[in-house]
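One structure is given below, encoded as structure tokens.
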Amino acid sequence: MNVLIKSATIVDSKSDFHNQTLDILIERGVITQISKQIKNPKNYKEIKLDNLHISQGWFDSSVSFGEPGYEERETIENGLKTAALSGFTSVAVNPNTNPVIDSNSDVSFLKGKANGNAVALYPIGALTKESKGEDLAELFDMKNAGAIAFGDYQKPICNPNLMKLALQYASNFEGLVYSFPQESRISGLGVMNENVTSTSLGLKGNPTLAEELQIVRDLFLLEYTGGKLHIPTISTAKSVELIREAKQKKLNVSCSVAIHNLVLTDDELHTFNTNLKVLPPLRTKDDCNALIEGLKDGTIDMVTSDHNPIDIEHKKIEFDYAKYGTVGLESAFGALNTVFTIKKTIDLLTKGKERFGISSHSISVGNKADVTLFNPNIEYSFTKENIYSASKNSIFEKHKLKGKVYGILSNNQLILN
């Protein structure tokens, strides 16, 4: 594909053209010229958009699609289209399907379904067979098939010896182990943050202690075994402290935070809106502030939309019985951009690839074009019309967001809203 992008402000701290407004010529998917004024004698397609900004393509480390098994929630095809229209050029896809992605052939299936797409799909293989938490899955075989990490989505490993063995085994081939931070025997049947709000609403609480105990355990195991550990979607102030201390001890640990846990608090749940039922649950304002500080100082390595489409039959029921999850790709940029400067927002959306061994491409002449196009200044109220997913369970519905995604140019393909 040959494209001339006109008057785009480059937001890429790794590029020599950072913060400059320039024309960008892309030929056959490669950036061939960046300059103030580029002529178009070959009559290439020109992109001229209001307040156009451009950055490296965005990456999300935790995305769920329904296929195989839950196509009514989301197909891979529509999920990748949603990612593209939301500004993401690469996504790591969770194994919470039916059957669970726990073998070489399952990983190959996901890779095959996404082959040739503008958005690169990177499978996360299940850590245990069928994500039951009993026996390790075929980690090395899945690694060879293209899995970038291993974890049971939103399912903690209760057996500490199993986690120890996983870290030891995966270290033989530099495998990255996910461990969901929840001690189920503490969280029990809790459906929201344990706090004065849960008491006033009459809902069972899930205390911060459940998350923090599991993190302490996993960090001790990591210190004992070595290996590589990733703790997804932390949500408490104490969790940030624990991981900060672990990094000071030079442990090989990384972590992420879901964007909605940065922006929203448990006070929102007074409406009993089941779209607000997420795991980990929404916490307090103090937790939000600590998570934001953790991102600013580098303790938290990356953000994620934690995109998890849930069909209406499992959301339009009593709060106690509704499934956890929210769609998040479409709102990720707009929500994050309400918290941070545009420079920091883009930095967070483009971080994380290196942890998974995925290469990134700065906006420089000679590099592959893997870019996101956006306008950071448009403010709007997020509605169902902004949702591209098959499921419409957005935690941000009716919230004020900031920033519009125009589209992506990746894998020699242009996708625009």
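The label point for residue 32 and the one for residue 244, both projected 7 Å from the Cα toward the Cβ, are 5.0 nm apart.
The stretch between residue 135 and residue 6, if pulled fully straight at 0.36 nm per residue, gains 41.0 nm over its current Cα-Cα span.
Ranking of 23, 320, 286 by solvent-accessible surface, largest first: 286, 320, 23 (1.4 Å probe, protein heavy atoms only, all chains present). Within the assembled protein chains, the solvent-accessible surface assigned to residue 105 is about 80 Å², based on a 1.4 Å probe. Taking θ as phi - 60° and the Karplus parameters 6.51, -1.76 and 1.60, the scalar couplings of segment 244-253 work out to 4, 5, 5, 5, 5, 8, 6, 6, 7, 10 Hz in sequence order, x denoting glycine and proline.
Write out the GluC sites (Glu not before Pro) in segment 306-380 meeting two conditions: DSSP loop, and at most 15 other Cβ atoms within 10 Å of their Cβ.
318
In this structure the amide hydrogen of residue 183, modeled in the peptide plane, comes within under 5 Å of the amide hydrogens of 211, 214, none closer than 5 places in sequence on its chain.
If you take every DSSP beta bridge whose two residues both sit in the chain, what share of them, in percent to the nearest 5, is antiparallel?
Numbers: 28 of 58 bridges.
Expressed as a percentage, antiparallel bridges in the chain total about 50.
Among the trypsin sites (Lys or Arg not before Pro) within segment 355-417, those in coil by DSSP and having at most 10 neighbouring Cβ atoms inside 10 Å are 398. Across segment 366-383, rounded Karplus estimates of 3J(HN,Hα) from the backbone phi angles (6.51 cos²θ - 1.76 cosθ + 1.60, θ = phi - 60°) give x, 8, 4, 7, 9, 9, 10, 10, 7, 10, x, 9, 6, 9, 7, 9, 6, 10 Hz, Gly and Pro being marked x.
Let me check something: with ligands and nucleic acids excluded, how do 255, 158 order by accessible area (1.4 Å probe), largest to smallest? If you can, show how the numbers build up before the last one.
Details: 255 0, 158 70 Å².
Largest accessible area first, the list is 158, 255.
Summarising the amide proton neighbourhood of residue 378: residues at separation of 5 or more, or on other chains, whose placed amide H is nearer than 5 Å comprise 403, 404.
Computed from backbone phi, the HN-Hα couplings of segment 76-87 come to 4, 4, 6, x, 5, 5, 4, 4, 4, 5, 9, x Hz, rounded to whole numbers (Karplus: 6.51 cos²θ - 1.76 cosθ + 1.60, θ = phi - 60°; Gly and Pro given as x).
Here residue 81 is the anchor, and the lysines within straight C-alpha reach of less than 17 Å, apart from those fewer than 8 places off in the same chain, are 111, 113, 384, 392, 404. Straightening the chain between residue 168 and residue 20 buys 48.6 nm, computed as 0.36 nm per residue apart minus the Cα-Cα spacing.
When shorter helices are ignored and each DSSP H run of at least 4 residues is given -39500 (n - 2.57), the per-residue value for the chain at 222 nm works out to -7500 deg cm²/dmol. So, R0 is 35 Å and r is the distance between the beta-carbons of residue 297 and residue 42; what FRET efficiency does that work out to, to 0.05? Approximately 0.15, to the nearest 0.05. A cut-off of 5 Å between modelled amide H atoms, ignoring neighbours fewer than 5 places along the same chain, links residue 62 with 92, 305, 306. Loop-located trypsin sites (Lys or Arg not before Pro) in segment 127-178 (DSSP state not H, G, I, E or B) with no more than 14 neighbouring Cβ atoms inside 10 Å: 132. At the residue level, residue 336 shows approximately 0 square angstrom of accessible surface with a 1.4 angstrom probe and all protein chains present.
The values are calculated or read from the model by the stated rules, or taken from the named source; none is laboratory data. Just so we're clear, the structure is a prediction, and the values are computed from it rather than from any experiment. Positions of Cβ are backbone-derived with ideal geometry, glycine not excepted, and every protein chain shown enters the neighbour counts. The accessibility values were calculated without ligands, DNA or RNA, using every heavy atom of the protein model including side chains. Shrake-Rupley method; radii C 1.70, N 1.55, O 1.52, S 1.80 Å.
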